[in-house]
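The values are calculated or read from the model by the stated rules, or taken from the named source; none is laboratory data. Just so it is clear, the model here is predicted, and its values are computed rather than measured. Heads up, the Cβs are rebuilt from the backbone with ideal geometry, glycines too, and the neighbour counts pull from every protein chain shown. Remember, those area values only see protein heavy atoms, side chains included, never the ligands or the DNA or RNA. Shrake-Rupley method; radii C 1.70, N 1.55, O 1.52, S 1.80 Å.
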Amino acid sequence: MSTNSFGRIFRYTSWGESHGAAIGVTVDGCPPGIDLCACHLQHWLDRRRPGLNRFTTQRRESDRVEILSGCFEGKTTGMPIQLMIRNRDTRSKDYSDIADRFRPGHADITYWQKYGIRDYRGGGRSSARETASRVAVGGIARRVVSALAPETRIRGYMVQMGDSRIAADLADDDEIDRNPFWCPDAAAAEKWATRLDAIRRAGESVGAIIECRAIRPPPGLGAPVYGKLDTDLAAAMMSINAVKGVEIGAGMAAAELTGSENADEIRPGRSGPRYLSNHAGGILGGISTGQDIVVRFAVKPTSSIRVPRRTISLKGEPVEIVTKGRHDPCVGIRAVPVAEAMMACVLADHLLLHRGQVGENQGTIGKATKSATTSDED
């Protein structure tokens with residue numbers, strides 16, 4: 001089967017292709033009575049929309065979302081919510097030269113090997129165009145999270161482009177929305193702009209690393225063994241186009257630490273347990289601690305480039321390929337709002353799962369706690 005659905009209680013199914021008439025998503029499991037209108041979703045879609053600046057694809061799509069069902073008088077009804085985004089600026093002729101050959105690094109060849117048919121116009125279903133649907137449903141998920149965990153905030157940003165990382169001591173949350181890279185380091189963003197201009201002019205591309213945080217989440221989300229919160233977060237991020245690696249908290253760097261360095265020590269705080277560090281990324285045993293949930297993932301360079309590459313044709317003959325069209329020189333830029341959307345979907349799902357099984361948290365420590373911090377309060 002072709003699996004196009006994600007989530008258990010808060011569950012969505014996306015549909016559509018890059019150069020089809022429209023793309024969209026069907027959302028099931030959203031609680032009734034949640035305030036919702038198209039404007040609540042459009043804000044997030046505008047952050048992902050193509051053509052916003054010279055560093056993203058110049059495909060001109062307004063990405064106006066339409067709510068076709070599941071809402072009445074500005075509130076969700078508890079019934080399936082159908083969202084649609086029409087494709088307006090398709091240029092399928094740009095892909096006619098690759099109809100009989102496979103792009104290296106792209107899903108062209110695997111789709112053909114699996115299905116025996118492929119939509120070569122922009123990659124069809126494998127195109128990152130599909131992520132607009134995720135951002136739309138992420139807008140609904142954020143409304144659910146806000147209703148069930150009002151203190152929780154979700155924030156994504158780019159921490160690395162190519163081999164250039166941000167300076168952790170210069171990270172400024174307010175800077176994220178001031179530059180086209182969603183970067184918390186103004187100096188790094190300026191450096192990246194110069195480098196990406198050169199990469200773009202050369203017809204090349206570059207990869208990136210994105211970090212996404214859930215700030216002040218409630219403790220107790222997730223379940224042991226197969227229902228772990230970090231399992232679902234990793235699956236959510238890994239499902240995003242071009243993602244090749246995911247880590248939680250210290251991630252791969254945890255292998256370099258000793259047990260005493262890695263274990264996040266715990267002290268009593270004013271409103272519950274207080275952690276002295278967050279190597280665990282806010283999750284222990286698959287269950288949230290109340291600390292910030294921290295996820296990072298690596299995005300590979302865009303496969304569609306203007307640099308000639310060797311490949312094969314449908315007949316198995318050796319050929320050369322140059323991809324025309326409008327492509328992101330760093331797809332990681334527009335992956336930031338997608339990461340936030342997937343984080344929101346996972347949290348919404350786990351909040352509903354938790355409410356269904358447990359209700360309120362069962363085990364309180366000291367004073368009732370809604371979240372844990374890494375501050376030095378006593």
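Could you calculate the FRET efficiency of A202 with R270 from 1/(1 + (r/R0)^6), where r is the beta carbon distance between them and R0 is 51 Å, rounded to 0.05? Once the sixth-power term is evaluated, E becomes 0.40. Note on the chain: GNM, Cα springs under 10 Å; of A335, A202, A107, the largest mean-square fluctuation is that of A202.
Take the Cα of N4, go 7 Å toward its beta carbon, and the backbone nitrogen atoms of segment 114-152 under 11 Å from that spot belong to 125-126. With the simple spin-label model, which puts each label point 7 Å out from Cα in the Cβ direction, the V322 to Y115 separation comes to 2.9 nm. Distance between the pseudo-spin-label points of T77 and K191 (7 Å out from Cα toward the beta carbon): 5.4 nm. Per atom type, the chain shows carbon and sulfur on 52% of its accessible surface, probed at 1.4 Å.
How much accessible area per residue does the chain have, in Å², with a 1.4 Å probe?
For the chain, the solvent-accessible area averages 47 Å² per residue.
Pairs of lysines in the chain whose Cα atoms sit within less than 20 Å of one another amount to 6, provided the residues are eight or more positions apart or on different chains. Using r as the Cβ-Cβ distance of D46 and R86, and R0 as 25 Å, what FRET efficiency do you calculate, to the nearest 0.05? Step by step, r from the Cβ atoms, then E = 0.95.
Of interest is the spacing of the C-alpha centroids, which for segment 214-256 and segment 128-168 amounts to 14 Å.
The region of the chain that goes longest without hitting one of the GluC sites (Glu not before Pro) in a DSSP loop, each with at most 12 other Cβ atoms within 10 Å, is 152-264.
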